Amino acid sequence: MKELHEKIIQDGKVLSNDVLKVDAFLNHQIDPPLMQAIGEEFAARFKEDGITKILTIESSGIAPAMMTGLIIGTPVVFARKKKSLTMSDHLFTSSVHSFTKKETNEISVSKDFLQKGDKVLLMDDFLANGQAVLGLLDIIEQAEAELVGVGIVIEKGFQPGGAMIREKGIRVESLAIIQSLEDGKVTFANGESN
Ligand code: 5GP
């Protein structure tokens, strides 16, 4: 997606050979017109699929998921990383290991907001090792809901998550696929670079 590629080149910061910082538009400060364009793009890609719910994970998946939900016209549910005292045990839970943060979080979704019969678009900001997506897939299975596909804003194609999820026969739509962050440079899978 052209606007996203341009934004990554302009404002993304390569922290190491495998971490891209996008605090300027996605992970800390949020760029609403870009989020709207992202929402329109996902809505166009999944418009024929009868989605009834979008599932993401707090916090950085919420902005793109929210814009997509607004355009498709579905609710957006985000998995919580900390259990709320008011949520008790009426929950689906799974665990997600973050290689970037080197921690494992228990994630949870209330049984009120995900049910059998839901057709779910799973979304996240990044796809790296695929652990966040696996945790959300586990929750969709527990709910006996139907997975339609996975929508990712930025996929790091040189890490194994994308291949692992696609090998399961799952449709993954990524708006930017990064092939390499080597030498402080962003190279996209389509050959563009800064
Ligand atoms: P995975 O579970 O696929 O390994 O990683 C996905 C999660 O890790 C994303 O939700 C995102 O929060 C975080 N993440 C992974 N790699 C990066 C990165 O290069 N930059 C940023 N900003 N977040 C990342």
Open item on the list: Testing the spin-label approximation: label points 7 Å from Cα along Cα→Cβ at residue 101 and residue 113. State their distance in nm.
Closed with: 1.7 nm
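If you build the Cα gyration tensor of segment 59-137 and take the root of 5 times each eigenvalue, what three semi-axes come out, in whole angstrom, biggest first?
Three semi-axes, in Å: 20, 18, 11.
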- [ ] At q = 0.10, 0.11, 0.18 Å⁻¹, what is the base-10 log of I(q)/I(0) for segment 81-194 according to the Debye formula with one equal point scatterer per Cα and no solvent? Please give it to two decimals.
- [x] -0.34, -0.41, -0.94
Task: Per-residue ³J(HN,Hα) for segment 177-182, Karplus 6.51 cos²θ - 1.76 cosθ + 1.60, θ = phi - 60°, Hz, x for Gly and Pro - done: 10, 8, 8, 7, 10, 5
TODO: Quick one: compute the contact order of segment 10-155, relative version, from alpha carbon pairs under 8 angstrom and 6+ residues apart, as a percent.
DONE: 22 percent
Open item on the list: If I fit a long axis through the Cα atoms of helix 62-72 and take the longest principal axis of the Cα atoms of the chain, what angle between them do I get, 0 to 90°, rounded to 10?
Closed with: 70 degrees
- [ ] Starting from the exponent 0.38 and prefactor 2.2 Å, build the expected Rg for the chain from its residue count and divide its actual Cα Rg by it.
- [x] 0.99
Open item on the list: Can you give me the angle between helix 2-11 and the longest principal axis of the chain, using Cα atoms only, in degrees from 0 to 90, rounded to the nearest 10?
Closed with: 70 degrees
Open item on the list: Ignoring ligands, DNA and RNA, please state the percent of accessible area on segment 27-182 from carbon and sulfur, probe 1.4 Å.
Closed with: 50 percent
Open item on the list: What translational diffusion coefficient, to the nearest whole µm²/s, does segment 139-183 have by Stokes-Einstein, given a Kirkwood radius computed over alpha-carbon pairs, a temperature of 37 °C and 0.692 mPa s viscosity?
Closed with: 278 µm²/s
TODO: Please give the contour-minus-distance gain from residue 1 to residue 168: 0.36 nm per residue of separation, less the Cα-Cα distance, rounded to one decimal in nm.
DONE: 57.6 nm
TODO: Using a 1.4 angstrom probe, figure out how much accessible area the chain has per residue, in square angstrom, rounded to the nearest whole.
DONE: 50 Å²
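The values are calculated or read from the model by the stated rules, or taken from the named source; none is laboratory data. These figures come from a predicted structure and were not determined experimentally. As a convention, Cβ positions derive from the backbone with ideal geometry for all residues, glycine included, and neighbour counts pool all protein chains shown. Only protein heavy atoms, including side chains, enter the accessible area calculation; ligands, DNA and RNA are left aside. Shrake-Rupley method; radii C 1.70, N 1.55, O 1.52, S 1.80 Å.
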